[in-house]
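Visitor: One structure is given below, represented as structure tokens, and several questions about it will come after.
The values are calculated or read from the model by the stated rules, or taken from the named source; none is laboratory data. What you are looking at is a predicted structure, and each value in this text was computed from that prediction instead of being measured. Ideal geometry is used to build each Cβ from the backbone, glycine not excepted, and the neighbour counts take in all protein chains shown.
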Amino acid sequence: MIQRINRILSEAGIASRRKADELISSGRVMLNGRQLTELGAKAEWGKDSIKLDGREIPGPEEKVYLILNKPFGYVCTLNDPQGRPIVTDLLKEIPQRIYPVGRLDFDSMGLLLLTNDGDFSFQLTHPRYHVPRTYKVTVNGIVTDKDINSIKNGVELEDGFINASSAAVIGRQGEKSLIRLTIAQGRNRVVRRMMDSLGYSVVHLVRIGFGTLELGDLKVGKYRNLEPEELNALMEMLSLKGKNRDSSDRSKGQGQRTMDRKKYPGSGDAKKAGRPSPSRKRIPKTVE
């Protein structure tokens, strides 16, 4: 696949894309024996020769896709200043450098994806794809139907409005309630904050679903490779969501153009004829 050199250097773990651009601009990168100085140069990683300071950049690693049942007390980062256990400590016999897809809190458990596929990870965590996340949440208190409706209709948090696409009480034990809910946004501690806004403190939180993937009976602290059909289902979901978003964007653009034509009749014909619309006033450019 042809891609920009700065992206290749980033995915190879050499530098961030911004830093890679600096390396290219300073003349330290060579492509097929030619020194690069211009940004935006492209190559096929693994086929073209790419060197940094005279050393060949290794070819792309085999893509790895893992599902881990994250235990309590681990952080989803590759380096923790506080010295707490990190999720990659649980991965044995995985030579590739892989990264968590999104995060689960230190005190949360359950389904966590890890991969070295940057594009895949980006799409799964980007807000535009609205990838659903499903949780089982135990809270103190008896959750009412009214509060379940509030969760589905949405609550206002300090960082904006949030709602669950589905929510239901699936069990009660004494003064505790067990809730299953699905949201399509990945914000910091968002489930805990949603429940707290309604007066319930979270006792236990487990993510059991991510996109089309389910945690199943994977034991706590264990991991496995995604099955081909699981990976294909995730890829198809992302492709469909991307197409739906593109279609929505085109519809919005067409709707705006229709509103403009109604507001400024004749403007479309004027533009085609290469002359200014008679219905709009010319506004002189200003320099601020």
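Visitor: Quick check on segment 57-85: of everything there that is β-branched (Val, Ile, Thr) and assigned to a strand (DSSP E or B), which residue is nearest to Trp45 (Cα to Cα)?
Guide: So the residue we want is Ile67.
Visitor: Here's a follow-up. Condition check: hydroxyl-bearing (Ser, Thr, Tyr), out of contact with any helix residue (DSSP H, G or I) (no Cβ under 6 Å at 6 or more places or on another chain), within 29 Å of Thr134 (Cα to Cα) and in a loop (DSSP other than H, G, I, E, B). Does Thr88 satisfy that?
Guide: no
Visitor: Scan segment 152-162 and tell me whether some residue there is modelled with pLDDT under 95, closer than 30 Å to Met235 by Cβ and buried (at least 16 other Cβ atoms within 10 Å of the Cβ).
Guide: yes
Visitor: Answer yes or no as to whether Glu214 is at pLDDT below 95 and of a type in the set (Asp, Glu).
Guide: No.
Visitor: Quick one: how many residues across segment 164-200 are within 18 Å of Ile142 (Cα to Cα), without any contact (Cβ under 8 Å) to a residue 60 or more places away in the chain and of a type outside the set (D, E, K, R)?
Guide: Counting residues in segment 164-200 that are within 18 Å of Ile142 (Cα to Cα), without any contact (Cβ under 8 Å) to a residue 60 or more places away in the chain and of a type outside the set (D, E, K, R) gives 17.
Visitor: Taking the residues in segment 10-19 that are touching a residue at least 24 places away in the same chain (Cβ under 8 Å) and under 21 Å from the mean Cα position of the chain (by Cα) as candidates, determine which candidate is nearest to Ile50 (Cα to Cα).
Guide: Ala12
Visitor: Can I ask one more? For Val191, work out the one condition from (1) over 19 Å from the mean Cα position of the chain (by Cα); (2) surrounded by 17 or more Cβ atoms within 10 Å (Cβ to Cβ) it doesn't fulfil.
Guide: Every condition holds for Val191 apart from (1).
Visitor: Let me ask something else. I'd like to verify a number: residues in segment 109-153 that are over 21 Å from Leu226 (Cβ atoms) and in contact with a strand residue (DSSP E or B) (Cβ under 7 Å, 6 or more places away or on another chain), how many?
Guide: Count: 11.
Visitor: If you go through segment 229-243 one residue at a time, do you hit one that is touching a strand residue (DSSP E or B) at 6+ places or on another chain (Cβ under 6 Å), touching a residue at least 40 places away in the same chain (Cβ under 8 Å) and not in a helix (DSSP H, G or I)?
Guide: Taking every residue of segment 229-243 in turn, none turns out to be touching a strand residue (DSSP E or B) at 6+ places or on another chain (Cβ under 6 Å), touching a residue at least 40 places away in the same chain (Cβ under 8 Å) and not in a helix (DSSP H, G or I).
Visitor: Quickly run through segment 23-41 and pick out the residues that are within 29 Å of the chain's Cα centre (by Cα) and surrounded by fewer than 14 Cβ atoms within 10 Å (Cβ to Cβ).
Guide: Residues satisfying the conditions are Leu39, Gly40.
Visitor: Tell me, please, whether a residue that is at positive phi and at pLDDT below 95 can be found in segment 188-196.
Guide: yes
Visitor: Is there a residue being in the same structural domain as Ser177 (by TED's automatic domain parsing), within 30 Å of Val203 (Cβ to Cβ), over 19 Å from the mean Cα position of the chain (by Cα) and modelled with pLDDT of 95 or more anywhere in segment 120-136?
Guide: yes
Visitor: Got a number for residues in segment 127-138 being more than 27 Å from Lys222 (Cβ to Cβ) and surrounded by 13 or more Cβ atoms within 10 Å (Cβ to Cβ)?
Guide: Residues that pass the stated criteria total 2.
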